[in-house]
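Below is one structure, written out as structure tokens, with a few remarks after it.
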Amino acid sequence: MCSLALFPPPLPSGQTTLCESNNELLSGTTTEDQLKQSLKLHSRTESSSKAAFLDHSETLWMRSCLYILSCALVVPKWLSMSSGCILALLQKVSSFHGSLFPHLTLSSEDMIAEFSQVLNWSDCVVRAFAWHPHTDKFAVALLDDSIKIYNPKSATTPTLKHRLQRSVAAVQWKPLCASALAVACQNCLLVWHVDPCSLSTRPSSGCAQVLSHPGHSPVTSIAWSPSGSLLVSASPMDTAMMVWDVASESCVPLQRVGGGGVSFLSWSPDGSHVLASTPSALFRVWETRMWTCERWPCVKGRCQSGCWSPDGSRLLFTVQGEMVIYALTFTDTPGVGLCGGPQAAAVVADLSETTFNTPDGDIIVGGEIQSLAWDSTGERLAVLLKGDPHAADRPAIIAVFKTRTSPIFELLPCGFVQGERGAEPRLMQFHPSFQHGALLTVCWSSGRITHVPFYFLSAGVPHCGLSGSPSLPRPQTVPADFANQSLFTELMS
Amino acid sequence: MFSTEQTCWFVRKVICWRAAASTAWAVLLLGPITAALVILGRFSLFHPIQTISECLSLLTSASAVFSLILLCGVILMIGFLNLEYYTVIPTIACSKIALLGQLLHPRQLVNSAVHCVMGIVVAWCCAITIGGRYETLGYTCPQSDGDSSSQMCLNEYHLILLLAGAFVGLSYSLLGVIHNMNYISFHTVQQYKYLRFKGALPLVVKCSATQALYSIRNFIVVYFFLGYIPKAWFCKTLNLYLNSSVHPLDSIAGLLDLSLVYHLWISASFLLFTWHITLVLFRIFVTELYSFPVQSSFTEDAHQCLAKVLNEKQPMILKFLALQDLALLSQHSPSRRCQVFSLSQPGGHPHNWNAISKECLSMLTDLTQRLVAYHDTVATNGRAKSLSTGSERKTSSETSVTSGTEDLMSPRPTLLMKTPASVFARSVVGTPRTPLTAPFTPDLDSPFASPALRRLTAPVEQCSPWFGTVQSPHVMRRGPKLWSTSTDSQVNGSPQSSPASVPSPKQEPSKPSLLAQFLQNRKEQVKNFLAKRVLIMYLFNKLPEASSQALFADSQAHIWALEGLSYLVQASFSEDQFGVVQTALPSILSCMLVLQEAVDRHFKLPHASSKPVRSTGSMGDSTHKTLRFALRATLKTAIYRITTTFGDHLNAIQMSAEHRKRLQQFLEYKE
């Protein structure tokens, strides 16, 4: 059992976490001149006059029909009575349905905010973030519904805008492909094809494929299969999970009763399982060969987040309303299928609230978990803790664990990742192919994106590759001399 | 229909049983569907209890049992037709006339006739089950001239139901051709049969209901205008009379009977639903994964091994299922992959891997050549137009309607005689070939399709009087400037390589005789005359992107071949103990890169990259329309799969500089 009490205390305010080296987290004070570009510029949607108008969803034809009906015809009394009764009945039924699944009454924006992996999605500058699985480029979805693609090797940063690209909940790059980026939007899925060699900064909307299915909106989560052939998408309004063949734009709905929708998806790195959590206290683990599923009812709340170990054998997940991380182990026995799985989930970490004494006063860390991220070597696990936005001494914070998956699963404390004063972490992701250990990218409430490298030598990777590996563009926050000390890390790990 | 000796063991042992199982399930499902029909057909809002009791008594009656047996026979027949007519490679009509040819093919005519008869049988059963005024064809009515004696009159309600059944059956069969309903597509997502059926059921219900609605609408229109013909015919042959006191149904007032329309719709929906269910079950059963043994321990089973089966050309379903199995085993099962990589016991040869990789590579090379040939005809055509000396104009009409017409108008006597690939020449001659659609599908088999074949046919053409008119210096100089080195060196206008096709141009002008000139002029006049007729143009114009679709019609096989190869190569990085894959790696990579280049070129053609309209409301499978996009995506993914697995090790592979450059693009993730 690993508790937050074993963690080193949080940094005093003003200090930010820079990197991990020699098995400890180094900190420093940031200076403003390091900043090249803040995304705060994009924080507000350009002043729109939308609010001044009423939204009309009916077509002209329908409106004229309604007008004629209401004016010209005198509706017989029995007709109005009976239709009123039917309407009331329908409302009763829908409210009953809504009481079963309270999330169905939310507006689509609120629903995305509720089920997103981003903390406070609705006012977050960076709404979604995705590293390319093979190269050093990433896509950032911003509050003004545009997506920017940053690539250190090219001078252009393409900006993707589309008429249907609204309320982006998630973005993900297609594996084994250089150009395809899937975007989960309010009404549809978009798959952009951004030519990496193109010099255009505004790819036309012709580069985007629109995938939509009636009743399947808003899309809150997407996941590509690691082999790059399929894309699954989920919507809390739709009980079916869609499996898309993107090239032919066809989809297979996988429908299961119960749960009232699908809110979060995660495909295991080996491609064998998909985690699909529902808005109610139930999640499913799909096996991707014949697409059958296992039901996992939770006791307290819905499954908020989950992540897979690199070999796909272990699933860590968190449940809303609980302060622990659970683990499920899947043994891959051929022939038996999924039935070889465990009978119950084991608690691997308890993140209940702990008080730390710092020079600035007591800080309470712990509580509910917003999201989990596991790096591709399986050695660092980052946990984004929600905190309490109204209490100053209970900030949202990222706790990082050291993990080991073989021969036995182990969890050791590593430390907290903190940003500059007043900045709260909103979103985090590990770089999928970082050569020197793990690289955690954190998006802050200030609109800043920082990369926190964890330098270590992975136990599973042959060590000779370090010197021969191509040198990566060094993150700005890292002093140059840390790379020389990596030998120590090797000895100590 | 087929003799047992000729058919493959696979069709006999697997496909027939699968078809039988699917039909059996469809027959079992007939009971509940008929019960639903009875309830829906007899339902009356104001007497619910009475309806239920009536339905129960009807379901146990002898007539209901008899009609159920009849319906079972119909389902068996439909199941048999499904088995006879299914295909895994869709036939794509490239022009309206080709579609017409498909519809009028004798085989198709038989199909339509059988469906028509089946429709009548189903409609008769519906009439029995719905009962009431629909039940019998004749009834006694008082004579019109006021006599007290009675006579048999025609029950028009019964007749209209039967005719509706025939009409819906016919339209089912015809729409089946148009929407390629007999094409069986394989799903990328594997699911158990029950779950797949459950998932397909809502779509089947929706499709049946909407299609029934449209069919009934069309039928009512037809009956309104032409209804008197069958009515008179029935009266005459069966010696029935028309009751003049009853309002005739082929009038506006008669057809506005809502209950009649409802019953027509219900019975049409029932008919389509049972048939669609049979079709869906057949598709699900046939496309189910079949696991072939990679290696067999007994020699008598050797012909069932994956490597043997892959190399067989016929039947196509066997090849497709084998490739599907290959793609899945390479992805999911390490133990079977291990068998692929294993060496033969005496001798130590990787026979399994060699056979599999050879077959996959030959399929991919075949596709590459097809694409090159197609691109060649299109590209040379474009150039020829600008030089006004072209010989093959077969695709000029395809690029755009306007350019096609303009082409036809312009007098071009030298080339019009030399267009056997042109649809006009064939239609004028009017000799329909045995596969009726052959002239209209992209004529890859025509002598003008590929430069290599063109050379072969050259000696024959030399004998013809107007040979020299085509062999202008422009045509000679225009070699296929493509990347395939073999054709390049040969055709590039070098006289040594193709001596037959190099007559000296000086002696040519005297050759064309007067008769030939006359014939030529005649033909052109006919053509110009025809080209001005809108209907002819409508029929003969190539449908956009159809030729592109036809080119990739069987690409599902190539997709699996690519997946299978790339997954095997990926797995070989860690699993291949003897290095059997390494030897083939250069050829695999170069094959994929050449194909990639060919596909890229193809997508630059007009209409190739335009997305087809998605049709969601029909039972026809439109997967074939997007196969080229799927192939392009799979190809890229396959190359990336190999490059990400091997990384910089690929630099050690022997490869041409051009391919290395392209591979470097993949290694840097810039494709």
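The values are calculated or read from the model by the stated rules, or taken from the named source; none is laboratory data. Everything quoted here is computed from the prediction, not taken from an experiment. Reconstructed Cβ throughout: ideal geometry from the backbone, glycine too, with neighbour counts over all protein chains shown.
Filtering the stretch B:526-574 down to residues that are in contact with a helix residue (DSSP H, G or I) (Cβ under 9 Å, 6 or more places away or on another chain) and part of a loop (DSSP other than H, G, I, E, B), which residue is nearest to the other protein chains (Cβ to nearest Cβ)? Here the residue is B:Phe552.
Residues in the stretch B:501-517: is at least one assigned to a helix (DSSP H, G or I), modelled with pLDDT under 50, farther than 24 Å from B:Arg628 by Cα and among the polar types (S, T, N, Q)? It would help to see each step written out before you state the result.
Residues of the stretch B:501-517 assigned to a helix (DSSP H, G or I): B:501, B:505-507, B:514-517.
Subset that is modelled with pLDDT under 50: B:501, B:505-507.
Imposing the further condition that a residue be farther than 24 Å from B:Arg628 by Cα reduces the set to B:501, B:505-507.
This time we only want the ones that are among the polar types (S, T, N, Q), so: B:501, B:507.
Taking every residue of the stretch B:501-517 in turn, at least one turns out to be assigned to a helix (DSSP H, G or I), modelled with pLDDT under 50, farther than 24 Å from B:Arg628 by Cα and among the polar types (S, T, N, Q).
For B:Ser335, all conditions in the list (1) within 14 Å of another protein chain (Cβ to nearest Cβ); (2) over 26 Å from the mean Cα position of the chain (by Cα); (3) touching a residue at least 24 places away in the same chain (Cβ under 8 Å); (4) surrounded by fewer than 16 Cβ atoms within 10 Å (Cβ to Cβ) hold save one; what is the number of the exception? B:Ser335 satisfies all of (1) within 14 Å of another protein chain (Cβ to nearest Cβ); (2) over 26 Å from the mean Cα position of the chain (by Cα); (3) touching a residue at least 24 places away in the same chain (Cβ under 8 Å); (4) surrounded by fewer than 16 Cβ atoms within 10 Å (Cβ to Cβ) except (3).
Matching residues to (1) surrounded by fewer than 22 Cβ atoms within 10 Å (Cβ to Cβ); (2) within 12 Å of chain A (Cβ to nearest Cβ); (3) not charged (D, E, K, R):
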| residue | (1), (2), (3) |
| --- | --- |
| B:Thr626 | yes, yes, yes |
| B:Tyr640 | no, yes, yes |
| B:Asn651 | yes, no, yes |
| B:Glu658 | yes, no, no |
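Kindly indicate whether A:Ser235 is surrounded by 22 or more Cβ atoms within 10 Å (Cβ to Cβ), in contact with a strand residue (DSSP E or B) (Cβ under 6 Å, 6 or more places away or on another chain) and hydroxyl-bearing (Ser, Thr, Tyr). Working first, answer last.
Working: surrounded by 22 or more Cβ atoms within 10 Å (Cβ to Cβ): yes; in contact with a strand residue (DSSP E or B) (Cβ under 6 Å, 6 or more places away or on another chain): no; hydroxyl-bearing (Ser, Thr, Tyr): yes.
Considered against the rule, which asks whether it is surrounded by 22 or more Cβ atoms within 10 Å (Cβ to Cβ), in contact with a strand residue (DSSP E or B) (Cβ under 6 Å, 6 or more places away or on another chain) and hydroxyl-bearing (Ser, Thr, Tyr), A:Ser235 comes out as no.
Screening the candidates B:Ser291, B:Ser297, B:Ser269, B:Ser330 for the property of being small (Gly, Ala, Ser), assigned to a helix (DSSP H, G or I) and either away from every other protein chain (no Cβ under 14 Å) or surrounded by fewer than 19 Cβ atoms within 10 Å (Cβ to Cβ) (or both) yields one hit, B:Ser269.
Let's see how each residue does on (1) within 13 Å of chain B (Cβ to nearest Cβ); (2) closer than 21 Å to A:Gly261 by Cα:
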| position | (1), (2) |
| --- | --- |
| A:Lys174 | yes, no |
| A:Ala180 | yes, no |
| A:Asn187 | no, yes |
| A:Leu230 | yes, yes |
| A:Ser233 | no, yes |
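Checking the stretch A:196-211 against the condition returns a match, with at least one residue being surrounded by fewer than 18 Cβ atoms within 10 Å (Cβ to Cβ), farther than 30 Å from A:Ser280 by Cα, modelled with pLDDT under 90 and within 9 Å of another protein chain (Cβ to nearest Cβ). In the condition set (1) within 14 Å of chain A (Cβ to nearest Cβ); (2) assigned to a loop (DSSP other than H, G, I, E, B), B:Gln345 is compliant with all but (1).
For A:Leu381, the criteria (1) surrounded by fewer than 23 Cβ atoms within 10 Å (Cβ to Cβ); (2) of a type in the set (A, V, I, L, M); (3) at pLDDT 90 or above hold in every case but one, which is (1).
Every residue in the stretch A:285-298 that is more than 14 Å from every other protein chain (Cβ to nearest Cβ) and in contact (Cβ under 8 Å) with a residue 24 or more places away in the chain, please. Listed by number, the residues that qualify are A:Val285, A:Glu294, A:Arg295, A:Trp296.
Tell me the strands (runs of 3 or more DSSP E) entirely within the stretch A:113-154 that contain at least 1 residues that are without any contact (Cβ under 8 Å) to a residue 60 or more places away in the chain, of a type in the set (Phe, Trp, Tyr) and surrounded by fewer than 20 Cβ atoms within 10 Å (Cβ to Cβ). Steps first, answer last, please.
Values: elements: A:126-131, A:138-142, A:147-150.
Answer list for the stretch A:113-154: A:147-150.
Of the residues in the stretch B:589-601, not one is farther than 15 Å from B:Leu364 by Cβ, within 11 Å of chain A (Cβ to nearest Cβ) and either over 24 Å from the mean Cα position of the chain (by Cα) or not charged (D, E, K, R) (or both). Of all residues in the stretch A:246-274, how many are within 14 Å of chain B (Cβ to nearest Cβ), on the phi > 0 side of the Ramachandran plot, of a type outside the set (D, E, K, R) and touching a strand residue (DSSP E or B) at 6+ places or on another chain (Cβ under 8 Å)? Selection size over the stretch A:246-274: 0. Of all the listed residues (B:Ser173, B:Ser185), the sole one being in contact with an Asp or Glu (Cβ under 7 Å, 6 or more places away or on another chain), small (Gly, Ala, Ser), within 30 Å of B:Leu289 (Cα to Cα) and in the same structural domain as B:Ile75 (by the TED database) is B:Ser185.
Among residues of the stretch A:194-223 that are touching a residue at least 60 places away in the same chain (Cβ under 8 Å), those with a beta-carbon under 9 Å from a residue that is of a type in the set (Val, Ile, Thr) and in a helix (DSSP H, G or I) at least six positions away or on a different chain give the pairs A:Pro218/A:Ile112; A:Thr220/A:Ile112.
Going by the conditions given, is B:Glu54 under 19 Å from B:Gly176 (Cα atoms) and of a type in the set (Asp, Glu)? Spelling it out, it is not the case that B:Glu54 is under 19 Å from B:Gly176 (Cα atoms) and of a type in the set (Asp, Glu). Candidates in the stretch A:124-162 are the residues that are within 14 Å of chain B (Cβ to nearest Cβ) and among the polar types (S, T, N, Q); of these, the one that is nearest to A:Cys207 (Cα to Cα) is A:Thr156.
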